[in-house]
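Student: My structure is below; once you've seen it, I'll send some questions.
A short reminder: the numbers here are calculations on the coordinates, not readings from a lab. Bear in mind the structure is a predicted one, so any value in this text is a computation, not a measurement. Positions of Cβ are generated from backbone atoms using ideal geometry, with glycine treated the same way; all protein chains shown enter the neighbour counts.
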Amino acid sequence: METNHDWNAKLYDRKLAFVSGYGESLLDALRPRPGETVLDVGCGTGDLAKRIADAGAAVVGLDASPAMIEEARRKYPGLDFRVARAEAFALERQADAVFSNAALHWVTDAAGAAACMFAAAKPGGRLVAEFGGRGNVGAIVEAVETVLQDRFGIDAAARNPWYFPSVGEYASLLEDAGWEVSYAELYDRPTPLDGEDGLLAWLTAFAAPFFAGLSDADAARAKADVQDALAPRLFDEKNRVWTADYRRLRVAARKPSA
């Protein structure tokens with residue numbers, strides 16, 4: 001998981017495990033094979049890297065967060081995990097495939113990431129990735145921006161840490177880096193969060209840059225106001241569960257053989 005803020009890896013695994021869970025279907029698109037090398041960009045705490053290794057591939061997991069890599073190494077000590085940014089890394093040997101789940105929307109230098117991933121792939125190597133696309137968590141972002149402006153006079157839009165591209169925008173960016181794009185789809189994926197405090201955990205883990213500089217008390221009040229604003233749209237009173245308004249962009253591409 002690429003990021004511009006420090007991660008609480010324990011909270012991530014305890015309350016936000018759905019991130020890796022939804023990545024299971026992306027592994028079906030990757031189809032890792034025994035004997036090949038797969039680069040996992042934004043590997044988080046390593047759960048999907050472990051699944052790739054279980055398929056017989058050698059996996060290298062990269063993440064910008066030292067806390068995430070520390071937890072990944074603790075959980076899966078036999079795998080290769082490294083602290084590195086998606087837009088600024090190099091491998092000693094090229095990989096057969098590059099994989100990334102729920103990470104690239106944290107990388108604002110998207111062109112740099114596309115170029116690094118291209119350089120890391122062997123000729124003929126493949127890329128399979130999924131991350132937030134145009135309109136992702138639009139209701140949540142709108143509520144955060146309104147609350148921070150009204151309560152604190154903060155321009156939250158200037159603090160937005162995410163890159164949510166359209167299909168055309170990202171496909172063109174990959175092609176500019178040299179990739180041949182074979183598939184790109186933007187789709188709605190409403191995502192249930194864990195428990196009645198699921199939105200609070202989500203805001204704490206993923207939206208921290210918006211609340212930077214606020215006291216703990218002010219941040220707590222702001223998050224409570226965000227929850228109040230979103231409850232009519234995103235909270236199921238009967239089942240006592242929040243559903244985040246996710247939109248995902250899934251892409252597949254290949255590096256030309258020659």
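Student: Roughly how many nanometres apart are two label points built 7 Å out from the Cα toward the Cβ at Asn160 and Thr146?
Tutor: Calculated label separation equals 1.6 nm.
Student: Would you mind telling me the antiparallel percentage of the DSSP bridges in the chain, rounded to 5?
Tutor: Bridges in the chain are about 55 percent antiparallel.
Student: Nothing charged except the Cβ atoms of Lys and Arg (+1) and of Asp and Glu (-1): what's the magnitude of the dipole of the chain about its Cα centre? Round to the nearest 20 debye. Provide the component values of the computation, followed by the final result.
Tutor: On the way: 29 positive and 38 negative charges, 135 e Å.
About 640 debye.
Student: What does the extension gain come out to for Arg254 and Arg134, with contour length at 0.36 nm per residue minus their alpha carbon separation?
Tutor: Extra length available between Arg254 and Arg134 comes to 40.9 nm.
Student: Sort 228-240, 30-42, 161-173 for me by packing, meaning the mean count of neighbouring Cβ atoms within 10 Å per residue, highest on top.
Tutor: Highest to lowest by the protection proxy: 30-42, 161-173, 228-240.
Student: If we sort 208-214, 60-66 on the protection proxy, mean other Cβ atoms within 10 Å, highest first, what's the order?
Tutor: 60-66, 208-214
Student: Sorted from fewest to most neighbouring beta carbons within 10 Å, what does the list Cys43, Cys116 look like?
Tutor: Final ranking by Cβ density, sparse to dense: Cys116, Cys43.
Student: Continuing with the same structure: May I ask you to list the trypsin sites (Lys or Arg not before Pro) in the range 21-123 that are in a DSSP loop and have at most 13 other Cβ atoms within 10 Å of their Cβ?
Tutor: Arg93
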